[in-house]
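Below is one structure, written out as structure tokens; the observations come after it.
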Amino acid sequence: MAGLGRERARHWQYAELPGVDLLRARFVEKVFVRHTHENFVIAAIADGVEVFHHGGADQYAGPGTLALVNPDTAHTGRAGVPEGWRYGAVYPSPALMAEIAAETTAIRGTPGFVRPVLDDPYAVSLVHQVLRAADDGNALAADTLLRIAVTRLLRLNGAPLPQRAVLTAGSRVAARARAVLEERMAEPPTLERLATDLGTSPFALLRAFRDTYGMPPHTWLTDARVRRARRLLDTGAAPAEAAVAVGFTDQPHLNRHFTRIVGVPPGAYRRERKNVQDAGPGPYLPSRVWQNRQLAQRHTREKKTAEGPTPPSSGTPWESGSPSDCPVSPSG
């Protein structure tokens, strides 16, 4: 990665890949706080190193590796080297993963990833090809490559997720606390009031909640608020409206937490959703047309290389090639 440059990220959807979020990003100082995802995380590292706390330990993902996180699994994220890391990611829904697993693997039950880091440059290449195909509007290639990538990853690193363990007294209290926080998200009780209402002590509740969900109640609540805000933004709500609806004091409060979890400000996130809704299903792009476009782009790159170095830019071609790519900033 040449130079630090400016952090950039694009978080979007492609109408022809329902149930899948897409991300391209280059981060240097970015720190993802502990959070979860409703979908699977398949992050393909192109340059640099990402460190993420997962399963009680720091995991390191460098070039040619993938960071793999199952749904509802608490984790963090930060740079592992001074120059940061550049990656592309797809976030397939549990339903899509189950469909692919049932059709192409021997996994029975709910599929999931076994190891959080997998060294597989070919799968990394597949993920980036999915993103390029989505950019090019090639629904056939994007869908095909995504299914090939998921199948490969499940065959190399997949297994049925463990069945939910029998609830202990502590986990039952934690589940009741979570239900209260979900219901009273905009006006949550204090830890002491919550514990009293559930017939336990504040520290007992804190330990039980952290053991069950991988984070304390206040961190879980922030994560849940951002999740709900995303759903509101998906339906067209303005960031200021979403902020108040989920319990943040104002839009800057939402901006700060949203960017620390999702990677982009809520305004940029909403614009990408609106672009998908306005565009609707795009025209079918024949495979030969897509191949010819790729060959033309490759020829242009080779020609530029032969002509000599070009002035430095703010990022790599895929970072700067889309007008929807946004600098990561707290503004919405």
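Numerical summary
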item	result
Separation of the Leu156 and Asp211 label points, Cα + 7 Å toward Cβ, nm	3.7 nm
Fully extended contour minus Cα-Cα distance, from Ala95 to Asp234, at 0.36 nm per residue	48.1 nm
Accessible area per residue, Å², the stretch 141-212 with all protein chains present, probe 1.4 Å	61 Å²
Percent carbon-and-sulfur accessible area, the stretch 42-182, ignoring ligands, DNA and RNA, probe 1.4 Å	55 percent
Cβ-derived FRET efficiency at R0 35 Å, Arg271 paired with Met185, nearest 0.05	0.90
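The values are calculated or read from the model by the stated rules, or taken from the named source; none is laboratory data. Just so it is clear, the model here is predicted, and its values are computed rather than measured. Reconstructed Cβ throughout: ideal geometry from the backbone, glycine too, with neighbour counts over all protein chains shown. Note: accessible area is taken over every heavy atom of the protein model, side chains too, but ligands, DNA and RNA are not part of it. Shrake-Rupley method; radii C 1.70, N 1.55, O 1.52, S 1.80 Å.
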